[in-house]
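K.L.:
First the structure, then my questions, so here it is.
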Amino acid sequence: MSEDVESFRRRARAWIRANLDPAPQGEAGIGRARSDERELARVARAREIQRALFDAGLAGICFPVEYGGQGLSLEHLGAFNQEVAGYDCAADLQIPTFTPCAAVILEFGTEEQKRAHLPAILRGEEMWMQFLSEPSGGSDVAGALTTAVRDGDEWVLNGSKIWTTGAWWADWGLCLARTNWDAPKHRGLTVFMLRIHQPGVEVHRIEMLNGNREFCQEFITDVRIPDSDRVGDIDQGWTVGTRWMFHERTAMGGGSPYVVRPAGSGSAGLVGSGDSLWPLVVAEGRSQDPTALDLVGEAHTLALVGSALTPRIGASMRSGALNDQASALARLYSGTRSVRYATIAYELSGQSGLAWDPEAGDPDPGVGYLMRQAACIGGGTTEMARNVISERVLGMPRETSHDRDTPFRDVPRGPAAG
Amino acid sequence: MQPGLSADQQFFQETTRKFLDARCSPADLRALAADPAGYRPGWWRQGAELGWTTPLVPEAAGGGSISGAGLADLSLAAFEFGRHAAPGPLIPANVAAFSLGRSASSGGGALAAWLERLLSGAATASWLRADPPGTDLGGASLTAGAGPGGGLVIDGQAPVAEAGADADVFLVTARAGSGMVHAVVDASAAGLHRRRLEGVDLTRRWARVELDAVAVPGDQVLPAPADAGFEASSTSDASGDLAERQLCIALCLQQAESVGAMQAAFDMTLEWTANRYSFGRPLSSYQEIKHRMADMRMWLEASYAITVAAIDALDAGRPDASELASAAKAYVGHFGPELVQDCVQIHGGIGVTFDHDLHLFLRRVTAGVPAYGSPAQHRRRLAGMVAERVAS
Ligand SMILES: Cc1cc2nc3c(=O)[nH]c(=O)nc-3n(C[C@H](O)[C@H](O)[C@H](O)COP(=O)(O)OP(=O)(O)OC[C@H]3O[C@@H](n4cnc5c(N)ncnc54)[C@H](O)[C@@H]3O)c2cc1C
């Protein structure tokens with residue numbers, strides 16, 4: 001008999017209140033520039049919190065018990081999400097470590113791999129990255145050029161991955177590589193687990209336009225990986241990849257069972273709610289201005305709709321009313337909503353979003369606006385989500401492609417691909 | 001399309017769907033366009049037998065719902081109304097039945113008699129709605145003063161009242177001082193003048209209604225209920241709560257109807273893109289078209305989601321019901337017409353013809369925009385709720 005939701009909630013609440021700090025404001029992610037020391041301290045703190053959650057029996061709520069999780073339901077996760085709203089709960093570990101990475105290992109890993117990595121992940125000891133995108137392209141994930149060549153019980157990897165956020169402090173990468181250049185694109189891929197900090201993996205930092213330096217590019221040169229670190233079958237990487245993309249889209253849309261998403265009950269705790277914009281309106285003296293009210297109401301509407309949409313899509317997928325590609329609907333919604341929010345926030349901030357006193361001011365709306373499109377790019381672009389919806393949800397014809405039945409080595413590549 | 005319905009709810013929805021399939025084909029609707037009421041005599045009574053009038057009324061008062069969540073049940077019918085662009089005073093009839101159902105027993109004979117006739121479909125109602133003081137959702141200007149014997153005298157004008165030309169009775173929600181009063185007014189009451197209007201919908205009807213010192217006897221005034229059963233955020237007196245609840249019901253039903261119309265237009269357009277060819281390819285093979293269909297599919301799903309969220313909150317008597325109902329209107333009221341207009345665009349020239357069926361659904365979502373407050377008015381209302389919450 002598993003613990004019922006309400007007693008789980010009480011247990012979680014008591015523990016959270018006794019052990020967690022208030023959530024730091026605007027700390028995690030790509031939102032702003034930070035010093036490396038602060039970044040490392042934050043990551044170390046996230047690992048500690050995760051360890052404490054693990055020890056308290058609160059880590060991996062929907063992960064199976066045999067791999068260190070709690071084996072509980074989505075309702076339990078929902079209760080936890082409500083209780084943890086406003087607290088610091090290791091945000092950095094959620095995406096991509098718990099999902100898609102741990103979710104993929106759970107689905108495709110060998111028993112040994114699952115026992116080796118999932119408990120370690122849930123204890124905060126392993127932070128994972130997705131090694132998918134390459135300089136030659138990210139949307140066409142299956143077009144990976146990074147190559148793995150078999151050598152006895154090992155594989156030798158060469159190539160480059162890019163746009164990994166936080167690879168410089170993370171531990172492992174889930175890496176999609178080409179193992180067969182003579183097979184068509186989707187039939188020559190294999191997935192590997194790659195230790196990031198080892199000879200042959202060079203991690204370069206890339207500065208984003210807001211000064212943040214979390215983006216990384218990895219150069220992989222003659223790195224040897226034991227065959228026991230292969231995930232799924234040889235050349236069947238796209239079977240894994242398809243589910244990987246599914247987990248990623250589900251996470252981007254906010255409906256993953258594998259991540260904690262603090263959710264205040266009611267609209268006050270909503271991400272991107274009108275409540276979060278109101279201080280800007282007041283600061284600009286526009287609380288009676290109908291235009292400002294309209295914009296706040298619009299942002300608030302979009303936030304409320306988003307919080308109704310995600311569970312609905314999840315329920316429809318579970319009941320079979322929608323297939324599992326429908327997570328792309330939530331992904332598309334969250335991307336377009338975030339973009340609109342960033343625009344509204346910048347407009348409402350007036351000139352204080354444009355220039356500010358570094359001692360006192362809060363640069364968020366202006367800089368957030370500059371980074372606006374990241375929400376429609378990271379995690380698979382909204383154009384790719386539209387492709388998935390039209391082709392896989394609505395059954396419209398697939399795009400013609402020039403890479404389907406051709407050996408991958410003969411597929412045309414643009415001059416930019418290198 | 002709606003996950004989690006019980007077998008009984010599905011049955012109810014299917015019965016309504018089949019009934020409308022048989023009687024509200026596009027050809028039927030075109031034929032009804034010239035009909036003054038927009039539907040044939042007996043039609044509304046037949047619908048009432050299917051359960052279109054009872055879900056918001058307690059069993060003790062002659063009503064009853066299938067699941068116990070009356071608005072959720074009724075919204076299934078509203079959705080089918082939208083999908084068929086069906087005629088009939090679904091929203092005003094149910095707002096009136098709901099309001100009378102809460103007070104008929106305590107209000108005595110006249111109210112109970114009207115309720116019975118509304119439930120059976122023998123009579124239809126129109127709803128004349130003023131906004132509570134301090135709010136602006138495009139309501140009518142209606143004011144009530146005290147009349148003899150506990151009655152009222154109501155003055156004012158409702159410029160556009162749904163089903164107002166043929167209604168047997170009016171539910172009037174009027175301002176009285178700093179609060180609101182509710183009363184039923186016979187269509188034949190002295191001082192009540194109405195004028196039939198032409199409108200955007202083929203089968204929905206509207207009227208301009210004027211009340212010139214209309215005297216309402218005391219037994220037709222709704223008593224202020226002790227338990228409003230609902231927490232309104234903007235007004236606190238019980239009659240204000242009733243006005244808020246009426247508004248939320250109307251908003252929810254109307255969005256459910258718009259979602260149905262959006263669904264019909266979307267389905268039609270998806271099929272069209274597969275069958276219409278240009279440059280030797282189906283339209284559905286062009287990425288531009290695919291991406292627009294994807295956006296529309298997302299708007300549609302999001303519209304469903306917020307509408308159902310508002311309905312559930314209202315059925316459960318949750319305090320965030322008003323907020324969700326306004327968000328539903330703000331969202332569906334904007335994206336509903338955007339979606340159907342885009343469907344028109346993807347149809348090309350045929351999309352703006354009378355012979356094509358698409359306009360039936362364009363009309364229905366268009367009619368939904370200004371009613372019960374425009375999307376912009378609801379966005380401002382939401383901002384007001386936000387401001388109030390942040391300040392406290
Ligand atoms: C904040 C952030 C974090 C990220 N984190 C990671 C990470 O951890 N790991 C990782 O591997 N990657 C990561 N990425 C990379 C991200 O997944 C890619 O940027 C994304 O998939 C797009 O790939 P690309 O940049 O190569 O653009 P391209 O694939 O070259 O696309 C360029 C443009 O063309 C459009 N396009 C491409 N193909 C089509 C098509 N078939 N139909 C219509 N339009 C098309 C795209 O939508 C886009 O607008 C991250 C990106 C961001 C912004």
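The values are calculated or read from the model by the stated rules, or taken from the named source; none is laboratory data. Source: prediction; values computed, not measured. Cβ sites come from the backbone with ideal geometry, for glycine too, and all protein chains shown count toward neighbours. Calculation scope for accessible area: heavy atoms of the full protein, side chains included, ligands and nucleic acids excluded. Shrake-Rupley method; radii C 1.70, N 1.55, O 1.52, S 1.80 Å.
K.L.:
Please pick out the residue among A:Gly314, A:Gly379, A:Gly350 that is within 16 Å of the ligand (Cβ to nearest atom) and either modelled with pLDDT of 95 or more or assigned by TED's automatic domain parsing to the domain that holds A:Thr250 (or both).
P.N.:
Exactly one of A:Gly314, A:Gly379, A:Gly350 is within 16 Å of the ligand (Cβ to nearest atom) and either modelled with pLDDT of 95 or more or assigned by TED's automatic domain parsing to the domain that holds A:Thr250 (or both), namely A:Gly379.
K.L.:
Now, a different point. Considering (1) open to solvent by 30 Å² or more (accessible area, probe 1.4 Å); (2) in contact (Cβ under 8 Å) with a residue 60 or more places away in the chain; (3) closer than 19 Å to B:Ser303 by Cα, say which one B:Glu388 fails and leave the rest.
P.N.:
All conditions are met except number (3).
K.L.:
Collect the residues in region A:382-395 that are within 9 Å of the ligand (Cβ to nearest atom) and of a type in the set (Asp, Glu), keeping them in residue-number order.
P.N.:
Once the filter is applied, which keeps residues that are within 9 Å of the ligand (Cβ to nearest atom) and of a type in the set (Asp, Glu), region A:382-395 yields only A:Glu383.
K.L.:
B:Met298 - would you say it is within 8 Å of chain A (Cβ to nearest Cβ), among the aliphatic types (A, V, I, L, M) and out of contact with any strand residue (DSSP E or B) (no Cβ under 6 Å at 6 or more places or on another chain)?
P.N.:
yes
K.L.:
Go through the residues of region A:127-135 one by one and say whether even a single one is open to solvent by less than 10 Å² (accessible area, probe 1.4 Å) and more than 8 Å from the ligand (Cβ to nearest atom).
P.N.:
yes
K.L.:
Which residues, counting only those in region B:312-353, are open to solvent by less than 20 Å² (accessible area, probe 1.4 Å), touching a residue at least 24 places away in the same chain (Cβ under 8 Å) and within 15 Å of A:Leu309 (Cβ to Cβ)?
P.N.:
Residues satisfying the conditions are B:Ala327, B:Ala328, B:Ala330, B:Tyr331, B:Val332.
K.L.:
Here is a follow-up. Taking the conditions exactly as written (buried (at least 19 other Cβ atoms within 10 Å of the Cβ), away from the ligand (no atom under 15 Å from the Cβ) and not in a loop (DSSP other than H, G, I, E, B)), does A:Thr164 satisfy them or not?
P.N.:
no
K.L.:
Could you look through region A:360-412, keep only residues that are away from every other protein chain (no Cβ under 14 Å) and among the aliphatic types (A, V, I, L, M), and pick out the one that is farthest from A:Glu214 (Cα to Cα)?
P.N.:
Here the residue is A:Val411.
Each row is one residue, and each column tells you yes or no for (1) in contact (Cβ under 8 Å) with a residue 60 or more places away in the chain; (2) farther than 23 Å from B:Ala310 by Cβ.
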residue: B:Val57; (1), (2): yes, no
residue: B:Ser65; (1), (2): no, no
residue: B:Ala77; (1), (2): yes, no
residue: B:Gly101; (1), (2): no, no
residue: B:Ala113; (1), (2): no, yes
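K.L.:
Go through region A:146-175 and report how many residues are closer than 22 Å to A:Gly109 by Cα and touching a helix residue (DSSP H, G or I) at 6+ places or on another chain (Cβ under 6 Å).
P.N.:
Qualifying residue count for the region: 2.
K.L.:
Further question: Hey, among the residues in region A:268-279 that are within 11 Å of chain B (Cβ to nearest Cβ) and not aromatic (Phe, Trp, Tyr), which one's surrounded by the fewest Cβ atoms within 10 Å (Cβ to Cβ)?
P.N.:
Ranking the candidates gives A:Pro279 first.
K.L.:
In the list A:Met317, A:Met384, A:Met396, which residue meets the criterion of being within 30 Å of B:Trp272 (Cα to Cα), touching a Lys or Arg at 6+ places or on another chain (Cβ under 6 Å) and surrounded by 13 or more Cβ atoms within 10 Å (Cβ to Cβ)?
P.N.:
One residue alone meets the criteria, A:Met396.
K.L.:
Just checking, which of B:Thr273, B:Thr269 is on the phi < 0 side of the Ramachandran plot, in contact (Cβ under 8 Å) with a residue 24 or more places away in the chain and more than 10 Å from chain A (Cβ to nearest Cβ)?
P.N.:
That would be B:Thr269, the only listed residue that is on the phi < 0 side of the Ramachandran plot, in contact (Cβ under 8 Å) with a residue 24 or more places away in the chain and more than 10 Å from chain A (Cβ to nearest Cβ).
K.L.:
Only residues that are part of a helix (DSSP H, G or I), among the small types (Gly, Ala, Ser) and either more than 22 Å from B:His378 (Cα to Cα) or modelled with pLDDT under 95 (or both): list them for region B:248-302, please.
P.N.:
If the condition is that a residue be part of a helix (DSSP H, G or I), among the small types (Gly, Ala, Ser) and either more than 22 Å from B:His378 (Cα to Cα) or modelled with pLDDT under 95 (or both), then B:Ala264, B:Ala265, B:Ala274, B:Ser284, B:Ser285, B:Ala294 are the ones that fit.
K.L.:
Find the residue count for region B:167-196, including only residues that are open to solvent by 40 Å² or more (accessible area, probe 1.4 Å), touching a Phe, Trp or Tyr at 6+ places or on another chain (Cβ under 9 Å) and assigned to a loop (DSSP other than H, G, I, E, B).
P.N.:
The number of residues fulfilling the criteria is 1.
K.L.:
Further question: With the structure loaded, tell me whether A:Ser139 is more than 14 Å from chain B (Cβ to nearest Cβ) and either open to solvent by 10 Å² or more (accessible area, probe 1.4 Å) or within 13 Å of the ligand (Cβ to nearest atom) (or both) or whether it fails that test.
P.N.:
no
K.L.:
Of the residues that sit in region A:196-215 and are within 13 Å of the ligand (Cβ to nearest atom) and assigned to a strand (DSSP E or B), which one is farthest from A:Met371 (Cα to Cα)?
P.N.:
Here the answer is A:Val203.
K.L.:
Is there a residue in region B:139-159 that is in a helix (DSSP H, G or I), surrounded by fewer than 24 Cβ atoms within 10 Å (Cβ to Cβ) and touching a strand residue (DSSP E or B) at 6+ places or on another chain (Cβ under 9 Å)?
P.N.:
Yes, some residue in region B:139-159 is in a helix (DSSP H, G or I), surrounded by fewer than 24 Cβ atoms within 10 Å (Cβ to Cβ) and touching a strand residue (DSSP E or B) at 6+ places or on another chain (Cβ under 9 Å).
K.L.:
While we're here: So which of A:Asp403, A:Asp410 is surrounded by fewer than 19 Cβ atoms within 10 Å (Cβ to Cβ) and within 13 Å of the ligand (Cβ to nearest atom)?
P.N.:
Residue meeting the stated conditions: A:Asp403.
K.L.:
Pairs please, first residue from region A:371-398 and in contact (Cβ under 8 Å) with a residue 40 or more places away in the chain and closer than 14 Å to A:Arg337 by Cβ, second anywhere and among the acidic types (Asp, Glu) and near the ligand (Cβ under 6 Å from one of its atoms), Cβ atoms under 9 Å, 6+ apart in sequence or on different chains.
P.N.:
A:Cys376/A:Glu383
K.L.:
Restricting to region A:286-301, name every residue that is facing chain B (nearest Cβ under 7 Å) and assigned to a loop (DSSP other than H, G, I, E, B).
P.N.:
A:Ser287
K.L.:
Right, next: Just one of B:Gly82, B:Gly4, B:Gly51 is over 21 Å from B:Ser103 (Cα atoms) and at pLDDT 95 or above; which is it?
P.N.:
B:Gly82
K.L.:
To continue, here is another question. Scanning for something buried (at least 22 other Cβ atoms within 10 Å of the Cβ) and part of a helix (DSSP H, G or I), does region A:216-237 turn up at least one residue?
P.N.:
yes
K.L.:
Next question, about the same structure. Is at least one residue of region A:144-161 in contact with a Pro (Cβ under 7 Å, 6 or more places away or on another chain), more than 13 Å from the ligand (Cβ to nearest atom), open to solvent by less than 50 Å² (accessible area, probe 1.4 Å) and in a strand (DSSP E or B)?
P.N.:
Within region A:144-161 (the criterion being in contact with a Pro (Cβ under 7 Å, 6 or more places away or on another chain), more than 13 Å from the ligand (Cβ to nearest atom), open to solvent by less than 50 Å² (accessible area, probe 1.4 Å) and in a strand (DSSP E or B)), the answer is no, since none of the residues qualifies.
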